[in-house]
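One structure is given here, and the rest of the page talks about it.
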């Protein structure tokens, strides 16, 4: 098929590469404009643009895909299908209907679950055991089009946003190739989605979401640590400095390092700080912190971290150090 590919981040690149390997003719790569990033404000190309250039594929970077001149540019390529994966702009109806096979989207959830911008992370934040990828015939709604193919993946107990991202990117690439084959041979028929999703909308992540609320359960906090790893990362405050938490483990009653009544400690209170690690009381249960990063420092195991700082039992982690 002649394909117009639309995508921007690293998650999209595997699918672009898979389409090329499968023999499809990618006639155009559409991606977001170059943006200034980082402290230095250096302008960076998107991962999809970099990949397209490696393969000699023309690149189009419209500020707004809805503008008439952008729509006409797409029409010039007379593609059979458009493949869209994490592009970053909403497509108008005239683009959705431009090609014979329409626009095929690769979405990183088992639709109708987790419509929205961050389905990978929200599956972990919500404690899901299974996630996956869905290919979909796009319509003008937000991830509401007819479902085509799905593939599930069972989440590891230590699954992070980063590790699940990589798994689903690979699965999505293969699923997209199989979807186009089935469309071309007429061996697939879309399945309509219910009007309402059974899950909340998977809203976009921001840095503020990483703030740990120690009054939550140990399980909810541990899921936040994994789901927001690597970005924006779970964090708390300690002595006025931001402290990122990269790995934690919920302690069961048999793992508790002391036998005293858990209600004797406040949420966010350090119960143990020593060679056994950093144990923190939560609103329900305790969590063992295994890896940390203090602002301006590198990531390190808690044991190494504690050798370089004075963090004592009874201290309170949080935006403001509480008074007993």
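The values are calculated or read from the model by the stated rules, or taken from the named source; none is laboratory data. Quick caveat: nothing in here was measured; it's all calculated off a predicted structure. Every residue, glycine among them, receives a Cβ derived from its backbone with ideal geometry; neighbour counts consider all protein chains shown.
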>> Kindly evaluate residue 125 against the criterion of being in contact with a strand residue (DSSP E or B) (Cβ under 8 Å, 6 or more places away or on another chain) and crowded, with 17+ Cβ neighbours inside 10 Å.
In response: no
>> Which of the numbered conditions does residue 108 fail, given that it passes all the others? Conditions: (1) touching a helix residue (DSSP H, G or I) at 6+ places or on another chain (Cβ under 9 Å); (2) closer than 25 Å to residue 194 by Cα; (3) without any contact (Cβ under 8 Å) to a residue 40 or more places away in the chain.
In response: (3)
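Every residue, every condition in (1) surrounded by fewer than 18 Cβ atoms within 10 Å (Cβ to Cβ); (2) closer than 18 Å to residue 101 by Cα; (3) modelled with pLDDT of 95 or more; (4) in contact with a helix residue (DSSP H, G or I) (Cβ under 7 Å, 6 or more places away or on another chain), yes or no:
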position: 2; (1), (2), (3), (4): yes, yes, yes, no
position: 8; (1), (2), (3), (4): no, no, yes, yes
position: 12; (1), (2), (3), (4): no, no, yes, yes
position: 15; (1), (2), (3), (4): no, yes, yes, yes
position: 22; (1), (2), (3), (4): yes, yes, yes, yes
position: 27; (1), (2), (3), (4): yes, yes, yes, no
position: 30; (1), (2), (3), (4): no, yes, yes, no
position: 39; (1), (2), (3), (4): yes, no, no, no
position: 42; (1), (2), (3), (4): yes, no, no, no
> For residue 153, all conditions in the list (1) part of a loop (DSSP other than H, G, I, E, B); (2) closer than 23 Å to residue 181 by Cβ hold save one; what is the number of the exception?
Replying inline: (1)
>> Quick check on my filter: what residues within segment 205-242 are under 16 Å from the mean Cα position of the chain (by Cα) and surrounded by fewer than 20 Cβ atoms within 10 Å (Cβ to Cβ)?
In response: 205, 206, 207, 208, 209, 230, 231, 232, 233
> What's the number of the condition residue 205 fails, among (1) over 21 Å from residue 132 (Cα atoms); (2) assigned to a loop (DSSP other than H, G, I, E, B)?
Replying inline: (1)
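Condition check ((1) outside the structural domain of residue 106 (by TED's automatic domain parsing); (2) surrounded by fewer than 20 Cβ atoms within 10 Å (Cβ to Cβ); (3) at positive phi) across all residues:
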| site | (1), (2), (3) |
| --- | --- |
| 121 | no, no, no |
| 134 | no, no, no |
| 141 | no, yes, no |
| 160 | no, no, no |
| 164 | no, no, no |
| 172 | no, no, no |
| 178 | no, yes, no |
| 190 | yes, yes, no |
| 203 | yes, yes, no |
>> Given the options 55, 24, name the one that is touching a residue at least 40 places away in the same chain (Cβ under 8 Å) and in the same structural domain as residue 74 (by TED's automatic domain parsing).
In response: 24
